[in-house]
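Participant: Below is one structure. I have some questions about it.
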Amino acid sequence: MLTELIKQGFGEKEDLNCAEKILYGANIAYNLGLDKEAMKLVAGFGGGMAIEDKCGALTASIMVLGKLFVNERAHESAKIKELTKELFSEYKKEMGTIDCAPLKEKHRTEELKCRNIIVKAAEILDRIVEREL
């Protein structure tokens, strides 16, 4: 699903940031039906919201969960809060942190850039989506 797209280098030729790779890739993998205008909403979340805070791959993953599991508003769906907590908890358990700067320090390489960081977010998102759908 999404993980395979990211592993194959999805979005690299187009120079997508980490958040864009997750949302654009999820749009394909999960048939989200998002148009080009909607996809622009994720642009500012790359690089930990440009300040190396929370990982952009994770913040984009929350957007995907919202699209898939919220009908109209978050307060209508206890599931979105539960799934977001699971996403962050699993990512932190597997990668040690959810913050961009230490993730880049530990896992980013010149050759692959942040691909391994993004792949891990995709793996966890795939597990959640496969289980919940």
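The values are calculated or read from the model by the stated rules, or taken from the named source; none is laboratory data. Since this is a predicted model, take the numbers as computed values, not measurements. Using ideal geometry, Cβ is built from the backbone for each residue, glycine included, and neighbour counts are taken over all protein chains shown. Remember, those area values only see protein heavy atoms, side chains included, never the ligands or the DNA or RNA. Shrake-Rupley method; radii C 1.70, N 1.55, O 1.52, S 1.80 Å.
Participant: How far is helix 78-95 tilted off the main Cα axis of the chain, in degrees rounded to 10, range 0 to 90?
Facilitator: 20 degrees
Participant: Counting only the backbone N, which residues of the range 45-68 are under 12 Å from the spot 7 Å out from the Cα of residue 93 toward its beta-carbon?
Facilitator: none
Participant: Where the accessible area of the chain is counted over protein heavy atoms with a 1.4 Å probe, how much of it, in %, is carbon and sulfur? Working shown, then result.
Facilitator: On the way: 3760 of 7420 Å².
That share works out to 51 percent.
Participant: For a protection proxy built on the mean count of beta-carbon atoms within 10 angstrom, sort 20-27, 95-102, 59-66 highest first, please.
Facilitator: Details: 20-27: 25.2, 95-102: 17.2, 59-66: 22.6.
The most tightly packed comes first, giving 20-27, 59-66, 95-102.
Participant: So if the hydrodynamic radius of the range 49-102 is defined as the Kirkwood radius over C-alpha pairs, what does Stokes-Einstein give as its diffusion coefficient at 4 °C and 1.567 mPa s, in µm² per second? Could you put the intermediate results ahead of the total?
Facilitator: Working: Rh = 11.8 Å.
Diffusion coefficient, whole number: 110 µm²/s.
Participant: Leaving out ligands and nucleic acids, and using a 1.4 Å probe, what accessible area per residue does the chain come to in Å²? Please list the in-between numbers first.
Facilitator: Working: 7420 Å² over 133 residues.
For the chain, the per-residue accessible area is 56 Å².
Participant: Please compute the net charge surrounding residue 74, taking Lys and Arg as +1 and Asp and Glu as -1 over other residues with Cβ under 15 Å from its Cβ. Before the final figure, lay out each step's value.
Facilitator: Values: positive: 67, 73, 79, 81, 85; negative: 72, 76, 82.
Once positives and negatives cancel, what remains is +2.
Participant: Along the charge dipole of the range 52-111, pointing to its positive end and built from +1/-1 on Cβ of Lys, Arg, Asp and Glu, which listed residue (80, 107, 64) has its Cα farthest out?
Facilitator: Result: 80, furthest along the dipole toward the positive end.
Participant: What are the extents of the Cα atoms of the chain along their three principal axes, in Å, largest first?
Facilitator: For the chain, the Cα spread along each principal axis is 42, 31, 26 Å.
Participant: Moving on. Using alpha-carbon positions, what is the distance between the centroids of the range 62-77 and the range 1-48, in Å?
Facilitator: 18 Å
Participant: Kindly express, to the nearest 10 degrees and within the range 0 to 90, the angle between helix 56-69's C-alpha long axis and the longest C-alpha principal axis of the chain.
Facilitator: Between helix and principal axis, roughly 20 degrees.
Participant: For the chain, with only Lys/Arg (+1) and Asp/Glu (-1) charged at the beta-carbon, what is the dipole magnitude about the Cα centre, in debye rounded to 20? Mind dumping the intermediate values first?
Facilitator: Values: 21 positive and 23 negative charges, 38 e Å.
Here the chain has a charge dipole of around 180 debye.
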